[in-house]
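Q: So that we are looking at the same thing, I have put the structure below in structure tokens.
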Amino acid sequence: MTLHDHIEAYIAYRRSLSLRCRSDAKVLRSYARTLGSVSIAEITPASVAGFIAGQGALSASWIFKFKILSGFYRYAIGRGIVSNSPLPVRVPKLPPPFVPYIYTVEELQRLIGATDALAAPQSPLQALTMRTLIMLLYGTGMRISEALSLTLQDVDMRERILTVRDTKVFKSRLLPIGPGLTTALADYHAHRAAYPLPAGNASAFFATRTGNRLYYENVAELFRRARRLACIGRDDRARYQPRLHDIRHSAVMHRVVAWYRAGADVQRLLPHLATYFGHVNLASTQRYLSMTPELLHQASVRFERYAESEVCHAR
């Protein structure tokens, strides 16, 4: 059996355990293609290190690929396919962790406005799709994969509820939505109804002109175009520019800041936010709370109020 054969067997094994492995499978198949049609016993540490390092600068993708290959080689060693792992023994020092970009409300408005320029005769729904998608991502904090997986039957505009199925943590959840977002979705649905429904009511909500589901890569490229048109970006020297996924981070941050401003009990509300955003635990939500100047300010104001009350009480 070749490396490719063992990798396909490993992917099938993981899927038999009901484990999501779309990203893992992509990396593993890339690994097999890069190393070629070889026996797993022929693979050298140098070739594995070259694949993990890739062509660009050292980044978090090194760790990502390393972890995926570690799982594969644990599987291979456990079944006696190989006797040892050719993975690097030492983990290199990575650059500082990635910091999400938090869009301001004004930037989000510019971003939505910029989608008008995405109109194309060959893709009549394109501009409206991106406009509605950005509004949905910010209004619900959904993952982009969840939004693109929505079907017509998942969007209940009468009850103002979205059904998010088969999420990142293998659970479905219901998301209540506000009247403004409901109106935007209803407007999109009215235009979407003029296009094919290949699977009937189970057809993709956000669709191409053929009625099929959109690919993430195409949506991400359209988003980059809109972002540039809206003149939104980090300093020119920055390695990462604002991403589509950062809208989800922004939604979390803006909600927490709004709670601080309203004097709400943020610690009590955070578990509810974690559930709404589809996080498996509160720690996952807390990782989204980057310390922006606005959040620091609101936290400082809250602490000052607390300190003043404590001083008054002590008197």
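The values are calculated or read from the model by the stated rules, or taken from the named source; none is laboratory data. Here the structure is a predicted model, which is why all the values come from computation and not from measurement. Virtual Cβ from ideal backbone geometry, glycine too; neighbours counted across all protein chains shown. Side chains included, ligands, DNA and RNA excluded: accessible areas come from the protein's heavy atoms. Shrake-Rupley method; radii C 1.70, N 1.55, O 1.52, S 1.80 Å.
Q: Restricting attention to region 68-119, and to residues there that are of a type in the set (Lys, Arg) and more than 30 Å from HIS254 (Cα to Cα), which single residue is least open to solvent (accessible area, probe 1.4 Å)?
A: Ranking the candidates gives ARG79 first.
Q: Now, a different point. Quickly run through region 1-16 and pick out the residues that are open to solvent by 60 Å² or more (accessible area, probe 1.4 Å) and touching a residue at least 60 places away in the same chain (Cβ under 8 Å).
A: Scanning region 1-16 gives a single hit, TYR13.
Q: Continuing with the same structure: State yes or no: is THR163 touching a residue at least 24 places away in the same chain (Cβ under 8 Å) and of a type in the set (Ser, Thr, Tyr)?
A: No: the conditions fail for THR163.
Q: List, please: which pairs have Cβ atoms under 8 Å, are six or more places apart or on different chains, and start with a residue in region 17-44 that is within 13 Å of ILE7 (Cα to Cα) and touching a residue at least 40 places away in the same chain (Cβ under 8 Å) and end with one that is open to solvent by 30 Å² or more (accessible area, probe 1.4 Å) and not in a helix (DSSP H, G or I)?
A: ILE40/MET1; ILE40/THR2; ILE40/ILE81
Q: Filtering region 191-238 down to residues that are within 16 Å of LEU128 (Cβ to Cβ) and of a type in the set (Phe, Trp, Tyr), which residue is most open to solvent (accessible area, probe 1.4 Å)?
A: Of everything passing the filter in region 191-238, TYR195 is most open to solvent (accessible area, probe 1.4 Å).
Q: Out of region 240-275, which residues are open to solvent by 50 Å² or more (accessible area, probe 1.4 Å), among the basic types (Lys, Arg) and modelled with pLDDT under 90?
A: Residues satisfying the conditions are ARG255, ARG261, ARG268.
Q: In addition: Kindly state which helices (runs of 4 or more DSSP H) lie completely within region 6-80 and contain at least 2 residues that are aromatic (Phe, Trp, Tyr).
A: Filter on region 6-80 gives 61-78.
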